[in-house]
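Reviewing the structure listed below.
The values are calculated or read from the model by the stated rules, or taken from the named source; none is laboratory data. A quick note: this is a predicted structure, and the numbers were derived from the prediction, not measured. Neighbour counts are summed over all protein chains in view; Cβ atoms, including those assigned to glycine, are modelled from backbone coordinates with ideal geometry. The accessibility values were calculated without ligands, DNA or RNA, using every heavy atom of the protein model including side chains. Shrake-Rupley method; radii C 1.70, N 1.55, O 1.52, S 1.80 Å.
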Amino acid sequence: ERSRRLAEAAYLGAVVTGGLRDVPRLLHDARTASLGAEGSLAASVAAAHHLQLSGDGDIDAAHAMLANAIGMQQKPYDAGSEITVEALYTLGWVCYFGGRADLWTPFHQALGQMEPDVPELLAMLSVTFADPARTAVPALGRIDAAVAALTEQTDPGWVARVGLACMFVDRLTGCRSALWRILRAGREGGRAVTLSLHALSLLALDHFVTGEWQAAQALADEHTSLCRTHSYRLLELLGGVYMRAMLAAARGDDAATRTLTDEMTSWAIPRRAVLILRLAAQARTLSALSQGDYEAAYQNATMITYPGDLADHVPHALWLNLDLVEAAMRSGRHAEAQAHVAALRPPGAPP
């Protein structure tokens, strides 16, 4: 029982309270006795978070450890088991950070073996985070209903995950008030550090795309500072550094964009965090467009998706459509630009 509780403490430290530095010690203590299946899964979730978020490990190691731990659980998977559901959320995060379609296979298989039904929010995230270009449209009604219900939602974890489900389907602005509630609670001494980080990154993103750059900059700077306080290196790059790079690119500061994206890529390459590489490429695409260097813009954009296609299990391809078409047109690649526009049309739409 003590080992199980230590494993859960490690899990909570990694996932909620910002106690990432304490995770290795808690896991070491937990392993001094037999954990049992549930405790072992909680330990694997905590260890996977520590490996990827702290920067001490790589994506593939976290993925293999977590996928194996989930695979060892009794099937069908119990949709009422909190730790099993959290393990699947975590596996989805690892797949997302890894940025490769093959990583998602055990995640999709596990969801197919869950009974009686996949929990609603996990189901929504599975279709908006994995491959939204192909799977998100049928879920838009459910997502809109979830956003509308945020005014009455008191669970900050639910709010943050609804916000995450909205990132690639243009619904994030509807989550602003609820996300600000999370952030204000964190500023007033709340212990849910990772929820504050999610709120900061989502709000910064929404303020950026709506042209409120000063607010986006302040949120990105706060995100970076909070990550450094709690040693969340991956989230720092994913939220604060990425948004600062995008803001520098939009403002025409190519030197700052290059410095920030070099920081992102130098961290991501040895850890196989392909997502971070794509985010760096997006910022470099925008910076090149702002400088009138359309060849460089095209080369960077096609690191994320090729013209005429929306890359498989690459949700960020949806953010590159206009930039890729513009870069192709202005670099003389008219056929590639036309192919990408054609790929974006719904089936049966007029030419």
task = Working with all protein chains in place, sort Arg134, Arg244 by solvent-accessible area computed with a 1.4 Å probe, largest first.
result = Arg134, Arg244
ask   = In vacuo Debye scattering of region 175-329, one point per C-alpha: log10 I(q)/I(0) at q = 0.09, 0.18 Å⁻¹?
value = -0.29, -1.08
message = Per-residue counts of other Cβ atoms within 10 Å, averaged by peptide: what ranking do you get for 142-150, 281-289, highest first?
response = 281-289, 142-150
inquiry  = Give me the net charge for the shell around His316: Cβ to Cβ below 12 angstrom, other residues only, Lys and Arg +1, Asp and Glu -1.
reply    = -1
Region 104-250: relative contact order as a whole-number percent, Cα under 8 Å and 6+ apart = 15 percent
query = Expressed as a whole percentage, what fraction of the accessible surface of region 154-260 belongs to carbon and sulfur atoms when a 1.4 Å probe is rolled over the protein heavy atoms?
reply = 52 percent
query = So, in nm, how far is label Ala218 from label Gln113 when the simple model puts each one 7 Å beyond its Cα toward the Cβ?
reply = 4.9 nm
query = Give me the log10 of I(q) over I(0) for region 290-351 at q = 0.12, 0.20, 0.30 Å⁻¹, as the Debye formula computes it from C-alpha points; what are the numbers?
reply = -0.27, -0.70, -1.30
key: Long-range amide H partners of Tyr77 with built H, under 5 Å   = Met114, Glu115
task = Determine the gain in length on full extension of the stretch Trp158-Ala145; use 0.36 nm per residue of separation and subtract their C-alpha separation, reporting nm with one decimal.
result = 3.3 nm
key: Euclidean distance between Cα centres, region 158-172 to region 271-343, Å   = 23 Å
note = Accessible-area order for Asp221, Asp206, largest to smallest, probe 1.4 angstrom, reads Asp221, Asp206
